[in-house]
Amino acid sequence: MHHHKFNDFPQDFLWGAASAAYQVEGGWDADGKGPSVWDLFTKLPGKTFAGSNGDVAVDHYHRMEEDVALMAEMGLKAYRFSVSWPRIYPTGRGEVNEAGLAFYEKLIDILLAHQIEPVLTLYHWDLPQALQDEYGGWEDRRIIEDFERYCVTLYQRFAGKVKYWVSLNEQNYNLTNAYQLGTHPPAVQDRKRFFAANHIAFLANARVIKAFRQHVPGGLIGPSFAYSPAYPASCDPKDMLAYENAEEFTNLWWLDAYCFGRYPQAALAYLRENGEAPEILPGDLELLREGTPDYIGVNYYYTLTYTDNPLGGQTMQRINTTGKKGTTPPSGIPGLYKTAPNPHLETSNWDWAIDPTGMRIALRRLSSRYGLPLMITENGLGEFDKLAAGDRVHDDYRIDYLRSHVKACQEALQDGVELLGYCAWSFTDILSWLNGYQKRYGFVFVERDEQGGSLRRLKKDSFFWYQSVIASQGKQL
Ligand code: BG6
């Protein structure tokens, strides 16, 4: 046990940055890779900002060594990336594609050579299209076995090299878009199917965590959850109830299923009443309890504030994908809750509330309810960046955002939270799923837009800022 002053970050704190396969790799059909649901979905007219897609993305697949060299220069302690399932199994199952495994093995080896801890995400939304076509992907229990086979392939190959694993990335956000808003593939809007698909994803998550214990002794695994803590708009009991409803329906539904192996009571009662509850078969809840995580990955961007929503009131609305500030309508479930603006908080151009205290609150709520270690697996600011004279990018707004959130981590440590690390989103600029290339997150600017570009890598001001944060162990913020 090492000792550290209360306001210090632990010696082994994982100062990291993150990415996801579809958003950075490109090489969409390279070396035997099969198509994912995103390869097809982004080609349908009107689905993404300006028709952007990840065919090339930032070409990380071909520039991996250059990117890792930049990570090493920065002094990064951890790099979170995702494996593309259809690179490993082009049609979801069957013959393993050795070239796909070899790509990730090389990435992992180069990271380790630079003392950068790999944090491997098993699933960041790029489902093999073949499984969507064959049985409807997450809507069929057959996916549990296919997902397990794919995960075990990675466990067996990388058990000795990778200690930190993420099972499902943002199941809540991805499936809400996929089955309620119709904005991610397969673009369905049906609440019953939404809860059914989630139930199957919980079972798959538990199965691969259970298998992990056999194959990766000493490793740690958990899902990454998109946690937007709920606030009440006021102390009016109506708003308090709306906030309680929202916290159960938008957060605890997933968190309790992952960590307790059960669904929150009031939400489950409501869904049963409405005929929207998932079918729970004998053995399901036992499996959930056998596959609880070692830690919770937290993707934190913003809090949401809730108010009363009458029957016949506001329904679910899609988010701002244009960067035109102030264009996000309120969204909710009639009779339960709807979002309201928070007058105390500034927002980004995409209307996301900037709330570092909300991250401290998020970490405290999770730590006290579940008693598990936590890792910030994503946190960052998506903004328009301008390339300035001398190939510089002066992203002081991003530095301000990150600094205030790193401080919130420090405060959460003082509050007694066991925090393993902080992975900023993202290392290089990325393709933002629905927002194209104009919504940038990286420490490293990539010269490209919706039409393409040179793909040159340029260090932003935030790169040098984070470099000194890491070098000073968080003392120089
Ligand atoms: C999370 C995802 O939703 O947040 C990332 O895990 C994503 O893949 C990030 O890029 C930021 O969201 P967006 O929509 O601004 O790209």
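Bear in mind these aren't lab numbers, they're just calculated from the coordinates by the rules spelled out. Computed from a predicted model, the values in this text were never measured in an experiment. All Cβ positions, even for glycine, are placed from backbone atoms using ideal geometry, and neighbour counts span all protein chains on display.
Structural remarks
- Additional length obtainable on full extension of the chain from K106 to Q189, 0.36 nm per residue less Cα span: 25.9 nm
- Environment charge of G332, counting only residues whose C-beta is closer than 15 Å and scoring Lys/Arg +1, Asp/Glu -1: -1
- Distance-filtered residues of segment 81-95 - backbone nitrogen under 12 Å, label point 7 angstrom along D31 Cα→Cβ: 84, 87-88
- Residue order for R398, R272, fewest other beta carbons within 10 angstrom first, comes to R272, R398.
- Environment charge of P186, counting only residues whose C-beta is closer than 13 Å and scoring Lys/Arg +1, Asp/Glu -1: -3
- Table column - 3J(HN,Hα) (Hz), segment 443-451, Karplus curve with 6.51, -1.76, 1.60, x for Gly and Pro: 7, 10, 6, 10, 6, 6, 9, 4, 8
- Magnitude of the charge dipole, segment 435-477, Cβ model with Lys/Arg +1 and Asp/Glu -1, debye to 20: 120
- Computed packing ranks the peptides 101-108, 120-127, 144-151 as 120-127, 144-151, 101-108, most packed first, by mean other Cβ atoms within 10 Å.
- Applying both filters, DSSP loop and at most 14 other Cβ atoms within 10 Å, to the trypsin sites (Lys or Arg not before Pro) of segment 306-370 gives R318, K324, K325.
- Along the axis of the charge dipole computed for the chain (Cβ charges of +1 for Lys and Arg, -1 for Asp and Glu, origin at the Cα centre), the listed residues T303, T176, F41 are led at the positive end by T303.
- Net charge in the neighbourhood of Q317 (other residues with Cβ under 12 Å of its Cβ; Lys, Arg +1, Asp, Glu -1) is +1.
- Relative contact order, percent, segment 62-152 [alpha-carbon distance under 8 Å, six or more residues apart]: 35
- Cα gyration tensor shape for segment 312-426, rounded if a/c is under 1.5, else prolate or oblate: oblate
- Sorting the segments 189-202, 229-242 by their mean number of nearby beta carbons within 10 angstrom, highest to lowest, gives 189-202, 229-242.
- Cα gyration tensor shape of the chain, rounded if a/c is under 1.5, else prolate or oblate by comparing a/b with b/c: rounded
- Under 5 Å, built H, 5+ apart or other chain: amide partners of R80: A17, A18, S19, V119
- Rounded to whole Hz, the Karplus (6.51, -1.76, 1.60) HN-Hα couplings of segment 98-103, x for glycine and proline: 4, 4, x, 4, 4, 4
- Evaluated with a Cβ-only charge set (Lys, Arg +1; Asp, Glu -1), the chain carries a dipole of roughly 420 debye about its Cα centre, given to the nearest 20.
- The stretch between A266 and F464 holds 66.5 nm of extra length on full extension. This uses 0.36 nm per residue minus the Cα-Cα distance.
- Modelled label positions at V96 and E411, each set 7 Å beyond Cα in the direction of Cβ, lie 4.6 nm from each other.
- Each of T303, T328 was scored by other Cβ atoms within 10 Å of its Cβ. Arranged with the fewest first, they read T328, T303.
- About the centre of its Cα atoms, segment 394-477 shows a dipole size close to 260 debye [charges on the beta carbon of Lys, Arg (+1) and Asp, Glu (-1) only; nearest 20 debye].
- Under 17 Å from K210, Cα to Cα: lysines that are on another chain or at least 8 residues apart: K163
- Fraction of beta bridges assigned by DSSP in the chain that are antiparallel (%, nearest 5): 30
- Sequence-separation-based contact order of the chain, relative, with Cα cut under 8 Å and 6+ spacing, percent: 17
- Taking θ as phi - 60° and the Karplus parameters 6.51, -1.76 and 1.60, the scalar couplings of segment 225-242 work out to 10, 7, 9, 10, x, 8, 10, x, 5, 7, 8, 4, x, 5, 6, 4, 5, 4 Hz in sequence order, x denoting glycine and proline.
- For D351, nonlocal amide neighbours, meaning residues 5 or more places apart or on other chains whose placed amide H falls under 5 Å from its own, are G326.
- Ranked list, fewest to most other Cβ atoms within 10 Å of each Cβ, for E25, E65, E117: E65, E117, E25
- Highest average packing first - 203-215, 11-23, Cβ atoms within 10 Å: 11-23, 203-215
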